[in-house]
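First up is the structure itself, then whatever we jot down about it.
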Amino acid sequence: MKLIEKSQYTVLKGNYAVAYGVKLARVEVISAYPITPQTTISEKLADMTATGELKARFITVESEHSAISAVIASSLAGARSFTATASQGLALMHEMLHWATGARAPVVMVNVNRALAPSWNIWTEQTDSLAQRDTGWLQIYNESNQEVLDTTILAFKIAERVYLPTMVVLDAFILSHTSEPVEIYPQELVDEFLPPYEHPNAINFDDPRAIGAFARPDYYMEFRYNIQKAHEEALRVFKEETELFAEMFGRKYDTVEEFMLDDADYVLVLAGSTATTAKYAVAQLRERGEKVGIMRIKLFRPFPVEDVRRVLSGRKKVAVIDRNLSFGHSGIFYMETKAAMYGAKDRPPIFGYVAGLGGRDIRPQDIIDMYEDMKRREEPENIIWKGVRV
Amino acid sequence: MIEIRIHGRGGQGGVVASEILAKAFFKEGKYIQAFPHFGVERRGAPVAAFVRVGEPGSLFVRTNIYEPDHIIVLDPTLLTAVNVMEGLKPGGWIVVNTPQDPEELIKDVGIPPTYKVATVDATSIALKHRLGNRMNPIVNTAILGAFSRAFGAPSLENLLEAIREEVPVKPEENAAAAKEAYESTKILIPQEV
């Protein structure tokens, strides 16, 4: 019997899908500090480690800064390491995010997208993770709880091949606290996909060495070059590992997901769980004869420039829907998409929409409104606000 | 896609009810989604939870439910405290925890004749099975028995199995309460429906 047939189908919240992904990845060290809406990830993992269901060390700490510091250290000691956070917690980690990259610690972190304060808000928005864009972490966005579980497993595989920390991102509540069917794979199959983690220079008391040591101008730049090369390698590794994952587990992911794009003149670009609602809306538009499709960005860092160009070149118009904002410029996926398309052949006009900040619901009609608004407009704009009261 | 909205008060178990109901439908081969109204709820305040049920492979959405096909009400005082019928589609079920008959409830609350009504005294049933206490009876499993009876799905068998898997304490008492509610549900389908 094929191993995959031993899978167990159950109903899980997004946060528990994370926990089962971590368990299947045989994580050895976990450190986390509770924050809504991430808390139930830490709670479930604390349960699993307390009962022995997951043989890992759970290090309780007094802040997110300490949580990330602990797992950077354990990762460098050769233990597969995990943390999770959201919003303010991620912001507090900021200094150490750079550290994880510079030290080449392949830590995996789940960030549950939550809006930043003030005003205090616990609901979903992508600005927290996107604001960590330049820390050198890989970032992978998700649409469903199954994808969250799958991506958690994939993240360890990719991170440990290129020695870069990796952030797996899911939406507050819309995924984290929503129950839906999830397939939990047999442990043996995940073991086959994800071999034990080995760090070539793991901390070893018999062979002591300094990590994160001083680098003067005559060396620092080479370290940075190597990190950039590792990101370029990560793009290839992402493709390889998602293909292997598809062969073994039957689910195919790519840097971008293409939905109803074959003959599409118009493309909506977005990331995260809003894609589900957008697909529903686009299917309705298709029934009305509209030639529209969706490109969902899954991999944000490294940014899949070639795939974005391949999908968007030659279309009539493109609308990027951002649930985030870089103040003083535009939505962040918009900015990145536009930059990727600069110099591409047959570049379509690209329109920037900002919607759903702080967890404001994005309904199918909102998607249809933005699509129709884009069709009407002649000149692209950087920010077209959807549903804001002014 | 069928959309169900559950109204309760913080602490009554409305969110767990949504998860049990979804899991029972999942056992029947449906694709499902269950989620709370995301907020910072306090004990006793009106809260809502949502369930979507559809065929596997059908397209779902990820928004709150604004126009439910059916509603479930865990606390009869909510019928006048908040507009639980807001957006409810004509022909939908209103399943209420109340000792009243559907006829009395319809008259008392002013339920339009475009809705089907099912009532069950889930509070008495919960107390009989020692679920919660008089101040805070846990009615979430009993009311699901009434929904199963009124709507015709999920089957009682799948519902009881989901209850046994999902409730944190007293699984057998909760299952027994749901079964008793299923058997004692009173139903009224107006001629207009």
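Throughout, read-outs are computed from the coordinates displayed, never taken from laboratory work. Remember, it's a predicted structure, so these values are computed and weren't measured experimentally. Every residue, glycine as well, gets a Cβ built from its backbone with ideal geometry; the counts of neighbours run over all protein chains shown.
Could you bin all the Cα-Cα distances of segment B:137-193 into 10 Å bins starting at 0 and give me the percent of pairs in each, rounded to whole numbers?
Percent of Cα pairs in each bin: 26, 51, 17, 6, 0.
Provide the FRET efficiency to the nearest 0.05 for the B:GLU183-B:LEU59 pair, computing r from the beta carbons and using R0 = 22 Å.
Working: r = 37 Å, r/R0 = 1.69.
For R0 = 22 Å, the calculated efficiency reads 0.05.
What is the Cα convex hull volume of segment B:42-193 when expressed per residue in Å³?
Dividing the Cα hull volume of segment B:42-193 by its residues yields 132 Å³.
Under 5 Å between amide H atoms, partner at least 5 residues away or on a different chain: which partners does A:LEU12 have, H built in plane at 1.01 Å?
Here the answer is A:GLU180, A:VAL182, since their amide H atoms fall under 5 Å of that of A:LEU12.
Take A:ASP263, project a point 7 Å from its Cα along the Cβ direction, then tell me which residues of segment A:282-308 have their backbone nitrogen under 14 Å from it.
Answer for segment A:282-308: A:286-293.
Can you list the aspartates and glutamates whose alpha carbon is less than 12 Å from that of A:LYS6, not counting same-chain residues fewer than 8 positions off?
Correct list for A:LYS6: A:GLU183, A:GLU188.
Between beta-carbons, use under 14 Å as the cut-off and find the net charge around A:PRO37, counting Lys and Arg +1, Asp and Glu -1. Write out the running numbers ahead of the final one.
Working: positive: A:LYS13, A:LYS44, A:ARG114; negative: A:GLU43, A:GLU125, A:ASP128, A:ASP171, B:GLU41.
My count for the surroundings of A:PRO37 gives -2.
Give me the one-decimal nm value for the distance between modelled label points at A:ASN201 and A:LYS316, 7 Å along each residue's Cα-to-Cβ direction.
5.5 nm
Would you mind telling me the antiparallel percentage of the DSSP bridges in chain B, rounded to 5?
Values: 18 of 30 bridges.
About 60 percent, rounded to the nearest 5.
Distance between Cα centroids, segment A:195-218 to segment A:77-152: provide it in whole Å.
About 24 Å separates the Cα centre of segment A:195-218 from the one of segment A:77-152.
Within the set of other residues whose C-beta is less than 15 Å from the C-beta of A:LEU244, count the net charge using Lys and Arg as +1 and Asp and Glu as -1. Could the numbers behind the result be given before it?
Working: positive: A:LYS157, A:ARG161, A:ARG236, A:LYS239, A:ARG251, A:LYS252; negative: A:ASP150, A:GLU160, A:ASP191, A:GLU192, A:GLU240, A:GLU241, A:GLU243, A:GLU247, A:ASP254.
The answer is -3.
Direction-averaged shadow area of the convex hull around the Cα atoms of chain A, nm²?
On the way: hull surface 84.1 nm².
Spelled out: convex hull of the Cα atoms, projected over all directions, averaged, 21.0 nm².
For segment A:328-387, what is the largest minus smallest coordinate of the Cα atoms on each principal axis, given in angstrom and ordered from greatest to least?
35, 25, 18
What is the mean number of Cβ atoms from other protein chains located within 10 Å of the Cβ atom of each residue in peptide A:177-185, rounded to a whole number? Working shown, then result.
Values: counts 5, 9, 13, 10, 8, 0, 0, 0, 0.
The per-residue average across the peptide is 5.
Please give the peptides A:107-115, A:298-306, A:343-351, B:161-169 ranked by average Cβ packing (other Cβ atoms within 10 Å per residue), highest first, as a rough proxy for protection. Don't skip to the answer; put the middle values down first.
Working: A:107-115: 29.6, A:298-306: 20.4, A:343-351: 15.3, B:161-169: 17.3.
Packing proxy ranking, top to bottom: A:107-115, A:298-306, B:161-169, A:343-351.
What is the spin-label model distance, in nm, from A:LYS345 to B:GLU104 if the labels are put 7 Å beyond Cα along the C-beta direction?
7.8 nm
Provide the three semi-axes, in whole Å and in decreasing order, of the ellipsoid equivalent to segment A:256-385 as defined by the square roots of 5 times the Cα gyration tensor eigenvalues.
Result for segment A:256-385: semi-axes of 19, 18, 14 Å.
Counting just the Cα atoms, what span does segment A:1-94 cover along each of its three principal axes? Round to the nearest Å and put the largest first.
Sorted from largest, the Cα extents of segment A:1-94 read 47, 29, 23 Å.
Taking R0 as 30 Å, what's the FRET efficiency between B:GLU192 and A:GLU287 from their Cβ-Cβ distance, rounded to 0.05?
0.45
Using a 10 angstrom cutoff on alpha carbons, build the Gaussian network for chain A and name the most mobile of A:PRO217, A:PRO106, A:PRO34.
A:PRO217
Kindly write out, for segment A:306-320 in residue order, the coupling ³J(HN,Hα) from the Karplus curve 6.51 cos²θ - 1.76 cosθ + 1.60 (θ = phi - 60°), rounded to whole Hz, with x marking Gly and Pro.
5, 5, 4, 5, 4, 6, 8, 4, x, 7, 6, 8, 10, 10, 9
Quick one: which residues, 5+ away or cross-chain, put their amide H under 5 Å from the amide H of A:PHE351? H built at 1.01 Å from N.
Result for A:PHE351 returns A:VAL318, A:ALA319, A:VAL320.
Mind telling me which of B:LEU88, B:LEU59, B:LEU159 comes out most flexible in a GNM of chain B, alpha-carbon contacts under 10 Å?
Judging by the Gaussian network model, the answer is B:LEU59.
Can you work out ³J(HN,Hα) from phi for every residue in segment B:125-130, in order, using Karplus 6.51 cos²θ - 1.76 cosθ + 1.60 and θ = phi - 60°, giving whole Hz and x for Gly and Pro?
5, 4, 5, 4, 9, 6
Given all pairs of different Cα atoms, what value in angstroms does the Kirkwood hydrodynamic radius of segment B:45-105 take? Numbers along the way, then the final one.
Values: mean 1/r = 0.0752 Å⁻¹.
Kirkwood hydrodynamic radius for segment B:45-105: 13.3 Å.
Of A:LYS317/B:LYS30; A:LYS55/B:LYS170; A:LYS13/A:LYS298; A:LYS157/B:LYS27; A:LYS291/A:LYS386, which pairs sit farther than 26 Å apart, going by alpha carbon to alpha carbon? Mind showing how you got there, number by number?
Working: A:LYS317/B:LYS30 37 Å; A:LYS55/B:LYS170 29 Å; A:LYS13/A:LYS298 20 Å; A:LYS157/B:LYS27 33 Å; A:LYS291/A:LYS386 22 Å.
Distance filter (> 26 Å) returns A:LYS317/B:LYS30; A:LYS55/B:LYS170; A:LYS157/B:LYS27.
Which percentage, to the nearest 5, of the DSSP beta bridges contained in the protein assembly as shown is antiparallel? Don't jump to the answer; show the numbers that get you there.
Numbers: 32 of 80 bridges.
Antiparallel bridges: around 40 percent, rounded to the nearest 5.
Between segment B:50-100 and segment A:299-375, how far is it from one alpha carbon centroid to the other, in angstrom?
35 Å
Across peptide B:57-67, what mean number of C-beta atoms from other chains lies inside 10 Å of a residue's C-beta? The partial results should precede the final answer.
Details: counts 0, 2, 9, 6, 12, 20, 12, 3, 0, 2, 0.
Shielding by partners across B:57-67 averages 6.
So, with +1 on the Cβ of K and R and -1 on the Cβ of D and E, and no other charges, what is the size of the charge dipole of segment A:266-311 about its Cα centre, to the nearest 20 debye?
Details: 9 positive and 4 negative charges, 11 e Å.
For segment A:266-311, the charge dipole is close to 60 debye.
Can you bin segment B:1-111 into rounded, prolate or oblate? Criterion: square roots of the alpha carbon gyration tensor eigenvalues sorted a ≥ b ≥ c, rounded for a/c under 1.5, prolate for a/b above b/c, oblate for the rest. Working shown, then result.
Numbers: a/c = 1.88, a/b = 1.43, b/c = 1.32.
It is prolate, given that a/c is not under 1.5 and a/b is the larger ratio.
Go ahead and set up a Gaussian network model of chain A, Cα springs under 10 Å, then flag whichever of A:GLU257, A:GLU240, A:GLU222 fluctuates most.
Per the Cα network of chain A with a 10 Å cutoff, A:GLU222 tops the list.
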